[in-house]
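The values are calculated or read from the model by the stated rules, or taken from the named source; none is laboratory data. Predicted, not measured: the structure shown is a model, and the values here were computed from it. Neighbour counts are summed over all protein chains in view; Cβ atoms, including those assigned to glycine, are modelled from backbone coordinates with ideal geometry. Each accessible area value is taken on the protein alone, full model and side chains, heavy atoms only, with ligands, DNA and RNA left out. Shrake-Rupley method; radii C 1.70, N 1.55, O 1.52, S 1.80 Å.
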Amino acid sequence: MNEIKLFCPASVANVSCGFDVLGFCLEPIGDEMVIRKTSKKGIHIIKIEGQKLPLETQKNVAGVAALALLEDHPCNYGFEIEIYKGIKAGSGIGSSAASSAGAVFGINELMGKPLSRNELIKYAMKGEKLASGSAHADNVSPVLLGGFTLVRCSKTPDIIALPFPSELYATVIHPKIELRTSDARAVLKKKIYLDKAIEQWGNLAALVSGLYTNNFDSIKNSLVDVIIEPHRSALIPGFQELKKVAIESGALGCGISGSGPSVFALSKGHKTALEVQNGMNNTYKKFNIEYELHLSRINPKGIQIISSK
Ligand code: ADP
């Protein structure tokens, strides 16, 4: 195989009570990437369409993640990368993660698959470090493994793929405002109160339990964030209104996707997710902000090969 074309999906990280540890993969939104072997050694990003992003290998998350992989697994040829962005950078639905994960996935395939998808996570995390300053795994893990994932430890890293009910649907709204990850991080408190921590880890454990047992009551009761959302939601115009309409339309829960500005809701069944989408649409029309709305099944597969030759 000399060339591979990939679909690299968007993802939702944090998922209310799972700050920095939970994430899930979306289905209809994503980037495409073409990666091919070249006789010239190294990583060469030759084309980016859909957005203005750096072509320099060291400045692009795809390049940085790919170089990290090649450092541990050197080979006597190089790779050319083309990126067709479908996910806007800084949207909060894993734009950098799609490129980081796509680069290492594609190169691994072209090298004859020496590594598993799980083993690729630590290299994709190097791209995330470039984008946000911290090597977090909560977006790249669901992109590589599909479904819901839990970051038990990001240092090792130790990532657990979680089961989830097939009737679970996500509605995601992306208000097209600029919200820098650094600003979204800056509003967070360095210290948290014990009573809030207890509430949060109770909810996180119940959410994971609900995903394992298809218990929608448990999922609904636990999609609560008492630590991050109270501070961060103020940076997203209309967040409270979106959350209210999502819950009134039947969503199990609604929260900030990644570090925002996207907002996600989870629902049982496509019909409810559609009602949530309509509710969000009618509500956000009144704000003078451009936005995009997406309805998605939880993508069980993650990155997919579109074609290869
Ligand atoms: P998201 O919130 O959608 O996950 P991030 O804020 O994590 O997006 O990442 C976006 C940052 O990463 C931007 O500063 C962008 O310039 C940088 N970046 C570098 N390479 C890429 C790439 N290939 N795709 C997306 N963002 C990239």
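Straight-line reach from Lys220: which aspartates and glutamates have a Cα under 14 Å away, not including same-chain ones fewer than 8 places off?
Glu167, Glu248
At a Förster distance of 25 Å, what's the computed FRET efficiency of Ser134 paired with Glu178, Cβ-Cβ distance as r, to 0.05?
Working: r = 20 Å, r/R0 = 0.81.
My answer for the efficiency is 0.80.
Where in segment 5-44 does the amide nitrogen come within less than 14 Å of the point 7 Å from the Cα of Cys75, taken along Cα to Cβ?
5, 35-44
Excluding ligands, DNA and RNA, what is the solvent-accessible area per residue of the chain at a probe of 1.4 Å, expressed in Å²? Don't skip to the answer; put the middle values down first.
Details: 13430 Å² over 309 residues.
Accessible area per residue, the chain: 43 Å².
Give me the distance in nm between label points sitting 7 Å out from Cα along the Cα-to-Cβ direction at Gln240 and Asn215, one decimal.
3.2 nm
Are there any helices in the chain, counted as whole DSSP H runs, that stretch 15 Å or more along their axis by Cα and score at least 0.5 on average by Kyte-Doolittle, and if so which? Provide the component values of the computation, followed by the final result.
On the way: long enough: 61-72 (17 Å, 1.63); 95-110 (23 Å, 0.72); 117-132 (22 Å, -0.72); 194-213 (28 Å, 0.34); 270-284 (21 Å, -1.07).
The qualifying helices are 61-72, 95-110.
So, by mean Cβ neighbours within 10 angstrom, what's the order for 84-95, 198-209 with the highest one leading? Can you show the working numbers first?
Numbers: 84-95: 22.1, 198-209: 17.5.
Result, highest mean first: 84-95, 198-209.
Net charge near Leu293: determine it from the other residues with C-beta under 12 Å of the C-beta of Leu293, scoring Lys and Arg +1 and Asp and Glu -1.
Around Leu293, the charge tally is 0.
GNM, the chain, Cα, under 10 Å: largest mean-square fluctuation among Pro114, Pro261, Pro28?
Maximum among the listed residues: Pro114.
Give, in nm to one decimal, the length gained when the segment between Lys286 and Lys189 is fully stretched (0.36 nm per residue of separation minus the Cα-Cα distance).
So the chain would gain 31.7 nm between Lys286 and Lys189.
Can you list the lysines whose alpha carbon sits under 28 Å from that of Lys37, skipping same-chain ones fewer than 8 residues off?
Those lysines meeting the cut-off are Lys5, Lys47, Lys52, Lys59, Lys85, Lys88, Lys113, Lys122, Lys126, Lys129, Lys301, Lys309.
Counting only protein heavy atoms and a 1.4 Å probe, tell me what percentage of the chain's accessible area is made up of carbon and sulfur.
Taking all protein chains in place, the chain shows 51 percent carbon and sulfur surface.
Would you grab the residues whose amide H sits under 5 Å from the one on Leu252? Only those 5+ places off in sequence or on another chain, please, with H modelled 1.01 Å from N.
Here the answer is Leu266, Ser267, Lys268, since their amide H atoms fall under 5 Å of that of Leu252.
Identify which of Asp20, Asp217, Asp195 has the largest mean-square fluctuation in a Gaussian network model of the chain, with springs joining Cα atoms closer than 10 Å.
Comparing Asp20, Asp217, Asp195 in the GNM, the peak value goes to Asp195.
Using only the Cα atoms of segment 218-303, what do you get for the radius of gyration and for Dmax, in Å?
12.7, 36
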